[in-house]
1. What's the center-to-center distance, using Cα atoms, between region 49-81 and region 120-157 in Å?
2. Does anything in region 127-167 have its amide N under 11 Å from the 7 Å Cα→Cβ label point of residue 194, and if so which residues?
3. Could you give the C-alpha radius of gyration of region 172-248 expressed as a fraction of 2.2 N^0.38 Å, taking N as the number of residues it contains?
4. Quick check: convex hull of the Cα atoms in region 94-184, volume per residue, rounded to a whole Å³?
5. Region 172-220 to region 27-43: how many Å between their Cα centroids?
6. Explain nothing, just the number: relative contact order of region 7-169, from Cα pairs under 8 Å at least 6 residues apart, as a whole percent.
7. What angle, in degrees between 0 and 90 and rounded to the nearest 10, separates the Cα long axis of helix 90-101 from the longest principal axis of the Cα atoms of the chain?
8. Using packing as a proxy for protection, rank 238-250, 191-203 so that the peptide with the highest average count of other Cβ atoms within 10 Å comes first.
Amino acid sequence: MNNRRPISVVIIAKNEAERIEACLQSVAWADEIVVIDSGSTDATCDIARGFTAGVHFIPWRGFGPQKQAGVDLASHDWILNVDCDERVTPELAAEISMILSQETTCDAYTVPRRTFLGSKEIKHCGWYPDRTIRFFNRRNAQFSDSPVHERVVTEGTTADCRGHLLHYSFSGLGQLFVKLNHYSDLSARQMFDRGKRCTVFDLTVRPLFAFFKTYLLRRGFMDGVEGFEIAVTTAVLTFAKYMKLRELQGGSRP
């Protein structure tokens, strides 16, 4: 890719030896790759060093601060953030190159994701297009400091990319539960720190509505059995994070 502004890819990782190589291969075209490792005990760092010298250890700070640390260590202003379970398609890579070759650009760009549960692509349930800002100029954008559900914040101009990220987050239902359980821990802590408290409504109505919204309003039923699984796990996650919030309150009555 010639005659364009340089770009740094930022990736955070911990014990991702099984997935990081494919991720790194999909961004090998970038001018720089920065990997922020938070203490891997497997071959993650060794694999990453096969692609880049920019592998750094930073103790875990939460998703937002961890990704921003990678942005701060990058050599270039233009940043593409990719997770270890994601792959940049050739179409997205070509689109990014075209944008960086233009004289005038926006400050940030959203990227759609195609997400898979096992081998099945989930096209509904609110999982597609799942647009978030992943490609941006760090002079005018940065990650929020949220420990979970982090996002890129900008007051500048934004536009949408057409090319996709492929998201292989869950090999199956078991892994989905494990990851969502972890997110429920982080979400409960974040709500507690912000002064949110659990109510009877949160424990009863919210989980039921989460199922209804995912399976019916977001047409999860069109994704077959996997859509039903996602709707159920979404409801369970909703109940779990509010139950954990109640526990953080000291187990007092909601």
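1. About 16 Å separates the Cα centre of region 49-81 from the one of region 120-157.
2. The answer is 146-150, whose backbone nitrogens lie closer than 11 Å to the label point.
3. The reported ratio for this selection is 1.13.
4. So the per-residue hull volume is 110 Å³.
5. Centre-to-centre (Cα) distance: 31 Å.
6. 26 percent.
7. 60 degrees
8. 238-250, 191-203
Each reported figure results from applying straightforward, stated rules to the coordinates on display, with no laboratory input. Predicted model, so just to flag it, every value in this text is computed and none were measured. In this analysis, Cβ positions are derived from the backbone assuming ideal geometry, glycine residues included, and neighbour counts consider all displayed protein chains.
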